[in-house]
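Below is one structure; the comments refer to it alone.
The values are calculated or read from the model by the stated rules, or taken from the named source; none is laboratory data. All values derive from a computational prediction rather than experimental measurement. In this analysis, Cβ positions are derived from the backbone assuming ideal geometry, glycine residues included, and neighbour counts consider all displayed protein chains.
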Amino acid sequence: MEMHPVPEPAPTATSASVLDAAASKPQHANGTTPNRTVLATSVVGSYSVPEWLERLKTDFYQRRISGQYLDDIHEVAIKAALKDQETAGVDIVSDGELRRDNDIDYFLARMPGVEIPHVAKTFYYDYYEAYVRHPIPVDDEGATLHLVDDLRFTLRYTQKPVKFSFTGPFSLARRVHNEAYSSSDDLVMAFARILNREARELAQAGAAVLQIDEPFLAGYPEEVGLAVRAINQVYEGIEGPTRAVHVCYGNRYARPVWEGHYEFLFPTILDAQVDQLVLEFARKGYDDVELFKKYSTASLSLGLGVIDVKNPHPESPELIAARVRRALQVIPPDRLMINPDCGLRHVPADMARAKLSAMSAGAAQARAEVLGTSTPA
């Protein structure tokens with residue numbers, strides 16, 4: 001974590017400037033709005049973790065390097081990840097989640113009330129054994145994960161709008177030994193209340209997009225109602241950033257954990273107080289886009305997965321453009337954002353750069369067609 005005092009970031013682009021800046025301006029005949037980024041590109045969250053960084057992270061857990069040394073290395077890696085995204089033409093960037101070991105531990109290690117008896121790991125990506133033996137101190141205003149420090153660091157090193165993602169309360173609760181609550185639902189909602197404080201700070205600090213990741217939800221389709229209640233608790237009172245939720249079928253070591261279709265989310269997910277669903281399609285096909293026609297989703301935008309992060313080969317811009325066109329048959333361009341299926345953690349750095357560049361070029365092709373221009377814009 002960035003522990004040094006940092007100044008408040010200078011004003012930077014926010015979700016309003018990218019997604020909603022021109023909402024009150026007259027529309028073109030094609031449904032787009034002047035001065036608005038049409039089919040904006042983004043990332044889901046994580047970025048490629050090079051082998052040298054994996055080794056250093058593991059060295060830290062084996063007590064071979066200090067935490068301060070690792071923090072310094074993280075900062076260098078994050079700056080490089082931001083530059084890679086900018087060079088590839090990504091419109092809304094992230095810190096690559098490079099401080100995080102996996103999708104769970106970074107949050108549980110900071111979560112008040114969570115006990116982790118053994119913090120050493122054989123490999124940095126392994127999960128902790130975590131316990132909740134007493135109720136989470138949800139009413140303690142000082143109980144914080146300090147995620148806003150990470151966002152402020154990122155804002156210092158990019159002029160692009162920033163997406164900040166964090167694992168949601170439903171998935172966090174799946175990785176905890178619950179000894180405090182008679183119902184696991186109560187643990188989920190307690191985590192949600194803590195994360196609401198984090199979301200408020202992140203919104204105030206200038207996040208363009210806030211994204212709750214629920215990587216375990218596809219494995220518990222009968223629990224969508226609980227997950228939606230928790231999502232609404234996390235986003236209660238949040239104004240300013242685009243509020244997104246990412247649901248995929250798992251990306252552990254670049255392999256899916258579950259298979260299925262997004263039908264399990266509907267119609268319950270429509271009760272979520274969110275602006276955008278970020279879903280994977282490139283790996284599994286685009287039939288589920290039709291769910292946005294089957295159900296009344298007029299208030300929702302879609303983060304369209306067009307990059308298969310489990311495929312080691314780069315997509316072509318033409319393939320990306322074709323995938324965007326497929327979604328445009330159902331969803332208008334002002335409700336589409338273009339992104340990879342999932343995080344790029346397990347994709348080699350050179351391939352991550354190639355895939356993001358192809359994504360930007362393909363989105364530009366589709367954007368030119370939507371805007372009726374002869375060259376990509």
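Which pairs have Cβ atoms under 6 Å, sit 6 or more apart or on different chains, and link a residue in the stretch 275-290 that is aromatic (Phe, Trp, Tyr) to one that is surrounded by fewer than 22 Cβ atoms within 10 Å (Cβ to Cβ) and modelled with pLDDT of 95 or more?
Filtered contacts from the stretch 275-290: Tyr286/Arg326.
In the stretch 116-150, which residues are within 26 Å of Arg252 (Cβ to Cβ) and buried (at least 16 other Cβ atoms within 10 Å of the Cβ)? Don't jump to the end; show me each part of the working.
From the stretch 116-150, those within 26 Å of Arg252 (Cβ to Cβ) are 116-132, 145, 147, 150; that's our starting set.
Correct list: Lys121, Tyr124, Tyr125, Tyr128, Ala130, Tyr131, Val132, Leu145, Leu147, Asp150.
Matching residues to (1) assigned to a helix (DSSP H, G or I); (2) closer than 25 Å to Tyr47 by Cα; (3) under 17 Å from the mean Cα position of the chain (by Cα):
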| residue | (1), (2), (3) |
| --- | --- |
| Phe170 | yes, yes, yes |
| His177 | no, no, no |
| Asp186 | yes, no, no |
| Met189 | yes, no, no |
| Glu198 | yes, yes, yes |
| Gln211 | no, yes, yes |
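Pro317 - would you say it is more than 20 Å from Lys163 (Cα to Cα), at pLDDT below 95, out of contact with any strand residue (DSSP E or B) (no Cβ under 6 Å at 6 or more places or on another chain) and surrounded by fewer than 23 Cβ atoms within 10 Å (Cβ to Cβ)? Let's see the steps before the verdict.
Details: more than 20 Å from Lys163 (Cα to Cα): yes; at pLDDT below 95: no; out of contact with any strand residue (DSSP E or B) (no Cβ under 6 Å at 6 or more places or on another chain): yes; surrounded by fewer than 23 Cβ atoms within 10 Å (Cβ to Cβ): yes.
Answer is no for this residue.
Within the stretch 271-299, track down each residue that is at pLDDT 95 or above and either hydrophobic (A, V, I, L, M, F, W, C) or closer than 16 Å to Leu39 by Cα (or both).
Scanning the stretch 271-299 gives Ala272, Val274, Asp275, Gln276, Leu277, Val278, Leu279, Phe281, Ala282, Val289, Leu291, Phe292.
Quick check: anything in the stretch 234-251 basic (Lys, Arg), part of a strand (DSSP E or B) and buried (at least 22 other Cβ atoms within 10 Å of the Cβ)?
At the first step, the residues of the stretch 234-251 found to be basic (Lys, Arg) are 243.
Next, from what is left, pick out any that are part of a strand (DSSP E or B): 243.
If we keep only those that are buried (at least 22 other Cβ atoms within 10 Å of the Cβ) as well, we get 243.
Checked against the condition, which is being basic (Lys, Arg), part of a strand (DSSP E or B) and buried (at least 22 other Cβ atoms within 10 Å of the Cβ), the stretch 234-251 yields at least one hit.
Please verify whether Phe191 is out of contact with any helix residue (DSSP H, G or I) (no Cβ under 6 Å at 6 or more places or on another chain), of a type outside the set (Val, Ile, Thr) and touching a residue at least 40 places away in the same chain (Cβ under 8 Å), treating the condition exactly as stated.
Details: out of contact with any helix residue (DSSP H, G or I) (no Cβ under 6 Å at 6 or more places or on another chain): no; of a type outside the set (Val, Ile, Thr): yes; touching a residue at least 40 places away in the same chain (Cβ under 8 Å): yes.
No, not satisfied.
Go through the stretch 29-131 and tell me which helices (runs of 4 or more DSSP H), entirely inside it, have 1 or more residues that are among the small types (Gly, Ala, Ser) and within 16 Å of Lys163 (Cα to Cα).
Numbers: elements: 51-61, 67-87, 105-108.
Where helices (runs of 4 or more DSSP H) fall fully within the stretch 29-131 and carry at least 1 residues being among the small types (Gly, Ala, Ser) and within 16 Å of Lys163 (Cα to Cα), they are 67-87.
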